[in-house]
Amino acid sequence: MSQPSVHPQHDQFLRLYAEHEVALHTFVRSLLPTRQEASEVMQELIVALWQGFASADEFRPWAFGVARNLVRMHLRRRVRDRHVFDDELVNRLADMAVQQESQHLTEREVLEHCLQKLPQSQKELVLAAYTKGTRIDDLATRRGQTPMSLYKLLHRIRQALLDCVERTLSQEELA
């Protein structure tokens, strides 16, 4: 049984950061030319976020704003490098990355909803087939199928998921 935390603000920050870490890293990485630079900025980012953290209200937009500013500062420090983007381009790229990340989040949520609507056997098959390290020929053998018949079944399931996602997204756009 866990004990209540002595530092609820610390716990709240860690939960929020963990929830948004992948999106923040993707955002930062999309604005910088190398993984190493993105890693350096992410290290600065977590410190800056912790130092500036006041509440959970609007954490995501605030964190992305801080990330954008840190990327701009990082790029300014490298200004002599001819491969550095100017502020206007960084801002445009950042705006696009935030918009795309938000759209991808919506699409992932809709995909998860559509996946839950599949019959249990199809849902289990999709999850098994797309688990890291799964080989289709091994999965087909375990299921008593040929790899080609399994590929065809997975194709039909993916098509049903795509139709569901597109239908759901178009209904949301109309609403």
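The values are calculated or read from the model by the stated rules, or taken from the named source; none is laboratory data. The structure presented is a predicted model; accordingly, all values stated were derived computationally and were not measured. No Cβ is skipped: glycine too gets one built from the backbone with ideal geometry, and neighbour counts run over all protein chains shown. Keep in mind that these areas ignore ligands, DNA and RNA; they rest on the heavy atoms of the full protein, side chains included. Shrake-Rupley method; radii C 1.70, N 1.55, O 1.52, S 1.80 Å.
Remarks
- Segment 120-148 residues near the modelled Ala160 label - backbone nitrogen below 19 Å, point 7 Å along Cα→Cβ: 120-131, 140, 143-146, 148
- On the beta carbon distance between Gln171 and Leu93, with R0 = 45 Å, the FRET formula returns roughly 0.90.
- Sum of -39500 (n - 2.57) over DSSP H runs of 4+, divided by residues of the chain (222 nm, nearest 500): -27000 deg cm²/dmol
- Here the peptides 23-32, 87-96 are ranked by packing, the mean other Cβ count within 10 Å, and the order with the highest first is 23-32, 87-96.
- Rounded accessible area per residue of the chain, 1.4 Å, Å²: 69 Å²
- Ser121 sits with roughly 80 Å² accessible to a 1.4 Å probe, with DNA, RNA and ligands left out of the calculation.
- Projecting the Cα positions of Thr146, Gln120, Ala63 onto the charge dipole of segment 52-162 (unit charges on Cβ atoms of Lys, Arg, Asp and Glu, taken about the Cα centre) puts Thr146 furthest along the positive direction.
- From the C-alpha gyration tensor of the chain, square roots of 5λ in Å: 38, 22, 18
- Working note: Karplus 6.51/-1.76/1.60 with θ = phi - 60° gives segment 105-118 the couplings 4, 4, 5, 5, 5, 5, 4, 4, 4, 5, 4, 5, 7, 5 Hz, where Gly and Pro are set to x.
- Remark: the chain carries a charge dipole of roughly 700 debye about the Cα centre, counting +1 on each Lys and Arg Cβ and -1 on each Asp and Glu Cβ.
- Derived scalar couplings ³J(HN,Hα) [segment 68-77; Karplus, 6.51 cos²θ - 1.76 cosθ + 1.60; whole Hz; x for Gly, Pro]: 4, 5, 5, 4, 4, 4, 4, 5, 5, 5
- Spatially proximal lysines relative to Lys132 (Cα-Cα < 17 Å; intrachain offsets below 8 disregarded): Lys123
- Each peptide among 60-73, 135-148 gets the average number of other Cβ atoms lying within 10 Å of its residues, and from highest to lowest they stand as 60-73, 135-148.
- Using alpha-carbon coordinates, inclination of helix 120-129 to the longest axis of the chain, degrees: 60 degrees
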